[in-house]
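Each remark here refers to the structure printed beneath this line.
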Amino acid sequence: MDYENLIAIDIHTHAEVSCRNPFDNYGEEYDRAADKYFKNGRRPTIAETVAYYREQKIGLVMFTVDSESQLGRRRIPNEEIAQAARENSDMMVAFASIDPHKGKMGAREARRLVEEEGIRGFKFHPTVQGYHPYDKMAWPIYEVIAEHQLPAIFHTGHSGIGSGMRCGGGLRLAYSNPMHLDDVAIDFPDMQIVMAHPSFPWQDEALSVATHKPNVWIDLSGWSPKYFPKQLVQYANTLLKDRVLFGSDYPLITPERWMKDFQEAGFKPEVMPGILKDNAVRLLGLDKKAPAAAPQT
């Protein structure tokens, strides 16, 4: 990534539409409920998202969420996102998502994606994937991530997915309590853990874990900064200023809206460059020469 020519790096964007696989309408009621919750029904293709970020001169990290075991819905191929990142390597990085229920087979996939596809990190969503982050069934995948010293983003806090559905769509919010990541941070000190979103209703737990464990970070995606809890802004300005990251949750929130509100949310001018870009450069190892992906056959 040519980060020096970018104004920011968005660590948290979603692949919404596959151009390889036909649309899977199984479980589409989750989409409709999310559209209502987020007041946003737009689902751009990967290419549309990349073009939009290029126009904004913002780098992006993109991923899907593999929840095939819990929701029974076909995922967007990790390989499709990886290909887009290779074709737009000046401003895009690809993360993969593998359902932790896939265990050792998931670990095999993780290794292949890193070594052959150039994947630079992973995304987990405990509520949607239906597991506690400390569940040892996920250990084989974590071990691959740690071996390659890559970051992993974990959804934390409330989830708009399932909100308003009968029984919340059967999705359990408790899986995404950030305190569950404390065990993971201890057992995998070489894996950089990013807690995604202001962690409502567990913001203090998230701040405690991140302050205590130096391999834990926080991304600020999913909320407009004007709604951030005061203690989150306080810690971002002080103890955690080197481990807080800009993320939008695009397409649910646009980076223009996020960055506009960011200017007025109480962040110190001297910490803003780190949050917007410099911290992500260190997390992603962009200031180091990345190994090239194996040629495709």
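All of the numbers you see were taken from the coordinates with simple rules; none came from a lab. Predicted model, so just to flag it, every value in this text is computed and none were measured. Backbone-built Cβ (ideal geometry, glycine too); neighbour counts: all protein chains shown.
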- Item | Burial order of peptide ranges 241-249, 76-84, 206-214 (average beta-carbon count within 10 Å, highest first) | 241-249, 76-84, 206-214
- Message: What aspartates and glutamates does Lys102 reach when the alpha-carbon gap must be under 15 Å and sequence neighbours fewer than 8 apart in one chain are set aside?
- Response: Asp66, Glu68, Asp135, Glu143
- Message: Can you show me the helix-derived [θ] at 222 nm for the chain, built from DSSP H runs with n ≥ 4 at -39,500 (n - 2.57) apiece and divided by the number of residues, rounded to the nearest 500.
- Response: -9500 deg cm²/dmol
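Given contacts defined as C-alpha pairs under 8 Å and at least six residues apart, what's the relative contact order of the chain, whole-number percent?
The value is 19 percent.
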- Message: Using the basic label-point model (7 angstrom from Cα toward the beta carbon), what is the Asp242 to Glu55 distance in nanometres?
- Response: 3.8
- Message: With unit charges on the beta carbons (Lys and Arg positive, Asp and Glu negative) and the dipole taken about the Cα centre of the chain, which residue among Thr64, Phe200, Thr238 sits farthest to the positive side?
- Response: Phe200
- Message: Report the Cα centroid-to-centroid distance between the stretch 130-169 and the stretch 203-276 in angstrom, as an integer.
- Response: 20
- Message: What does the extension gain come out to for Glu4 and Asp90, with contour length at 0.36 nm per residue minus their alpha carbon separation?
- Response: 29.9 nm
- Query: If you place +1 on the Cβ of every Lys and Arg, -1 on the Cβ of every Asp and Glu, and leave all else neutral, what size is the dipole of the chain about its Cα centre, to the nearest 20 Debye?
  - Reply: 400
- Message: How would the chain be classified by its alpha-carbon gyration tensor: rounded, prolate or oblate, with rounded meaning a/c under 1.5 and the a/b versus b/c comparison settling the rest?
- Response: rounded
- If you take the charge dipole of the chain about its Cα centre, with +1 on Lys and Arg Cβ and -1 on Asp and Glu Cβ, which of Phe122, Gly266, Gly103 is farthest toward its positive end? Gly266
